[in-house]
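The values are calculated or read from the model by the stated rules, or taken from the named source; none is laboratory data. No experiment lies behind these values; they were computed from the predicted model shown. Cβ placement follows ideal geometry from the backbone for every residue including glycine, while neighbour counts extend to all protein chains displayed.
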Amino acid sequence: MQDFKSTQYAFAAHIRNPDVNAAPDGIEDRRMGVYRELFFNNVEGFLSSSFPVLRSLYTDEQWLELARSFYHLHRCQTPYFLEISREFIDYLQSEHVTRDCDPPFIFELAHYEWAELALSVSEQEIDLSGIDVNGDLLMGHPVMSPLAWLLTYAYPVHGISEDFIPESPSAEPTCIIAYRDENDEVQFTEVNVITAKLIQLIESNNNITSMTALESLADELQGVSREAIVSGGKEILEGLRNQGIILGTRQPGQENPE
């Protein structure tokens, strides 16, 4: 049994990095080659399809080097194939050694592309119990859809392409809400920093109403009337409800349904 385990470890090590780890004794290289190509090509193909914009910014050689370093170095924590993209994000965040050919926004762009896949396959259910779908958005506590994520980036990730490669962060953060609509299609909508702050205030405190959150924002902003902030905030919240990003309202202090 110990010999069998040793063979398994040697087999897996060779598959991960054949340039460093020799194949187990007694196995024909032609047969090993089938496994080497099959395993790596499956992972690389999934990465390419999950991160098409990021892939487009590299030459074939640069991309394959990145994919192979992930394949060799990262220890995945899940056996599920659909989780490879999440594992790749973890690798970029904590293990990847930046190369000269890597754009400074590599992690943010990858995270933005990952969000679309993650939302499309999410099994999170929307529970409307305890939520007034037509409730007063100013006097109640708005409830965000669990299938709506506020994403904040230093770079304008939604506009990056082969023709637009920013060299430095934007003057203001790029704030995007990624959400799955009623047709189960993943959508993205860009919001300004004030809207993002409003959503963060609402989500971080179950005890406040939108009116309280907007008044708090008014205290921070100079040169903008309180009335304008409240009026604009109400319009924004109504728009988010129409998109299904906000489900409705509940009483302040009431816990979100699981």
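Worth pointing out:
- Qualifying residue in the range 22-40 (condition: touching a residue at least 40 places away in the same chain (Cβ under 8 Å) and either surrounded by 16 or more Cβ atoms within 10 Å (Cβ to Cβ) or closer than 30 Å to residue 116 by Cα (or both)): no
- Residue 131 under 19 Å from the mean Cα position of the chain (by Cα) and either under 18 Å from residue 151 (Cα atoms) or touching a residue at least 12 places away in the same chain (Cβ under 8 Å) (or both): no
- Remark: pairs (first residue in the range 158-170, under 21 Å from residue 116 (Cα atoms); second residue surrounded by 12 or more Cβ atoms within 10 Å (Cβ to Cβ) and of a type in the set (Gly, Ala, Ser); Cβ separation under 8 Å; 6+ apart in sequence or on different chains) = 161/56; 162/56.
- Residue in the range 18-40 that is out of contact with any helix residue (DSSP H, G or I) (no Cβ under 6 Å at 6 or more places or on another chain) and among the polar types (S, T, N, Q) present: no
- Pairing residues of the range 181-206 that are within 15 Å of residue 141 (Cα to Cα) with residues that are assigned to a helix (DSSP H, G or I) and of a type in the set (S, T, N, Q), at Cβ distances under 8 Å and at least 6 apart in sequence or on separate chains, gives 198/210; 201/216; 202/210.
- Residue count for the range 1-21 under the criterion of being surrounded by 11 or more Cβ atoms within 10 Å (Cβ to Cβ) and either touching a strand residue (DSSP E or B) at 6+ places or on another chain (Cβ under 8 Å) or in a helix (DSSP H, G or I) (or both): the result is 11.
- Complete set of residues in the range 190-200 that are surrounded by 15 or more Cβ atoms within 10 Å (Cβ to Cβ) and either at pLDDT 95 or above or not in a helix (DSSP H, G or I) (or both): 191, 195, 196, 197, 198, 199
- For the range 212-255, a residue qualifies if it is more than 27 Å from the chain's Cα centre (by Cα), part of a helix (DSSP H, G or I) and closer than 14 Å to residue 139 by Cβ, and the qualifying residues are 212, 214, 215, 230, 234.
- Within the set 51, 88, the sole residue that is of a type in the set (A, V, I, L, M, F, W, C), at pLDDT 95 or above, more than 19 Å from residue 162 (Cβ to Cβ) and surrounded by 15 or more Cβ atoms within 10 Å (Cβ to Cβ) turns out to be 88.
- Matching residues, the range 143-174, being within 20 Å of residue 188 (Cβ to Cβ) and in contact with a Gly (Cβ under 9 Å, 6 or more places away or on another chain): 145, 147, 148, 166, 174
- Subset of the range 139-153 that is within 11 Å of residue 247 (Cβ to Cβ) and touching a helix residue (DSSP H, G or I) at 6+ places or on another chain (Cβ under 7 Å) - its residue that is surrounded by the most Cβ atoms within 10 Å (Cβ to Cβ): 142
- All helices (runs of 4 or more DSSP H) inside the range 24-125 with 3 or more residues being in contact with a strand residue (DSSP E or B) (Cβ under 7 Å, 6 or more places away or on another chain): 106-121
Yes/no matrix, rows are residues, columns are (1) buried (at least 17 other Cβ atoms within 10 Å of the Cβ); (2) not aliphatic (A, V, I, L, M):
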site: 155; (1), (2): yes, yes
site: 166; (1), (2): no, yes
site: 183; (1), (2): no, yes
site: 211; (1), (2): no, no
site: 216; (1), (2): no, yes
site: 241; (1), (2): yes, yes
